[in-house]
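The structure appears below as structure tokens.
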Amino acid sequence: MTDSSPFYSVVICTYNRAHLVARAVSSILGQTEGDFELLVVDDGSTDETPQTMSRFKDPRVHYYRREENLGVSACTNFGLARAGGLYITFLNDEDLFHPEFLARMKEHLHDRQPSFSWCGVLEYRSGLLSRELFVECPEQEKNLEFRQARAASIGLGFGFVIERDLMASLGGMDETLRTAEDLEFFIRLVQEPVSWSPLNEFLVEVHLQDDRLTQYREARADALEYIEEKHAGFLQRNSTIAGAVLFQKCLYLVECGARQRARRTLWPEVFQSRWALTLFVSNELRHSMLGRLLLKLYRRLFVPQILTHEFPTYPQAPNPDSHPGPSAAHPN
């Protein structure tokens, strides 16, 4: 970094979202804090994205067009390698930063001196606010496992800001993954001897799109299984994150109808965990009309108590499918 380096590098990865990316770019250019560079990485779009980006003449905007579509992990690393800011943050191409996001986060970074931070998000569906999400992580909390689980449950879409050199030292995103890549990165990140502190303000709008390809559940389960194997040692030490990963993997298998694989994965847990029993019952019943009726009754009677009180749930990254890549698969 040099004295002339901007405080922030903002990275937007985009793929065939010409109708949305201009709005995301405008939300950056409208920030009350102006000490930033904006890197828009086009991962091989075949739509009007180049023409859309050519209309932005602000010298802080840098547009990179990649000829080959390699997916969100490679796209993110491409932006990271070219970022010159002290801190780096990410915006999905369909989402928005509120005008005060960079300014308020800069104040927070100066006050608390964390190596990374995040904020709350407002989630919109069909243009209507559907929920508010904020992952609390009290700095006075002494339980490291709890703090690691909280921090690992966010995603890049939570207004995530990190020291650029720290992210680079960790190697960025695992390009093996086209889905769950941010979870894998955060599992590596929370093991570092660094501090983190969230900003309890809602400064990011997440706009869920109808074209998000959430039907590729088995690919997500594959990614989570890869993460379980890659980080087996850490997950043995952090049972909270391990349980969350296992739960999500089993849920995806049940939802995509991978009956035999779901049965094999869930069976060892059925007699130890009530959520595993719930998913096992769901997997067995959901494939016939009578089974679905029984499942509906079962959920009404048991599921709220089981999932609310027995299993520690954390908000998922709100924007898991923003950039699926050619495999059209992407998983909080």
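The values are calculated or read from the model by the stated rules, or taken from the named source; none is laboratory data. Computed from a predicted structure; not experimentally measured. Don't worry about glycine lacking a Cβ; one is built from the backbone with ideal geometry, like all the others, and counts go over all protein chains shown. Accessible surface areas use protein heavy atoms only, side chains included; no ligands, DNA or RNA. Shrake-Rupley method; radii C 1.70, N 1.55, O 1.52, S 1.80 Å.
Name the helices (runs of 4 or more DSSP H) wholly within the range 43-139 that hold at least 1 residues that are more than 19 Å from Val25 (Cα to Cα) and at pLDDT 95 or above?
Details: elements: 49-53, 72-82, 101-112.
Of the helices (runs of 4 or more DSSP H) lying wholly inside the range 43-139, those with at least 1 residues that are more than 19 Å from Val25 (Cα to Cα) and at pLDDT 95 or above span 72-82, 101-112.
Applying the criterion of being under 22 Å from the mean Cα position of the chain (by Cα) and part of a helix (DSSP H, G or I) to the residues of the range 27-42, the residue that is nearest to His98 (Cα to Cα) is Ser27. So which residues in the range 251-300 are open to solvent by 40 Å² or more (accessible area, probe 1.4 Å), under 23 Å from Ala223 (Cβ atoms) and aromatic (Phe, Trp, Tyr)? Within the range 251-300, just Trp267 meets the criteria. Counting only residues that are open to solvent by 60 Å² or more (accessible area, probe 1.4 Å) and of a type in the set (Gly, Ala, Ser), the range 95-126 holds 1 of them. Considering the conditions (1) open to solvent by 30 Å² or more (accessible area, probe 1.4 Å); (2) under 18 Å from Asn92 (Cβ atoms), Thr52 is excluded by exactly one of them, (1).
Scanning for something out of contact with any helix residue (DSSP H, G or I) (no Cβ under 9 Å at 6 or more places or on another chain) and open to solvent by 20 Å² or more (accessible area, probe 1.4 Å), does the range 7-16 turn up at least one residue? No, there is no match, as no residue in the range 7-16 is out of contact with any helix residue (DSSP H, G or I) (no Cβ under 9 Å at 6 or more places or on another chain) and open to solvent by 20 Å² or more (accessible area, probe 1.4 Å).
Scanning the range 198-219 for residues that are at pLDDT 95 or above and either open to solvent by 20 Å² or more (accessible area, probe 1.4 Å) or assigned to a loop (DSSP other than H, G, I, E, B) (or both) gives Pro198, Asn200, Glu201, Phe202, Glu205.
Once the range 168-206 is narrowed to residues that are hydrophobic (A, V, I, L, M, F, W, C) and in contact with a His (Cβ under 9 Å, 6 or more places away or on another chain), the residue that is farthest from Glu123 (Cα to Cα) is Ile187. Checking the range 61-74 against the condition returns no match, with no residue being within 10 Å of Val11 (Cβ to Cβ), open to solvent by less than 40 Å² (accessible area, probe 1.4 Å) and among the charged types (D, E, K, R).
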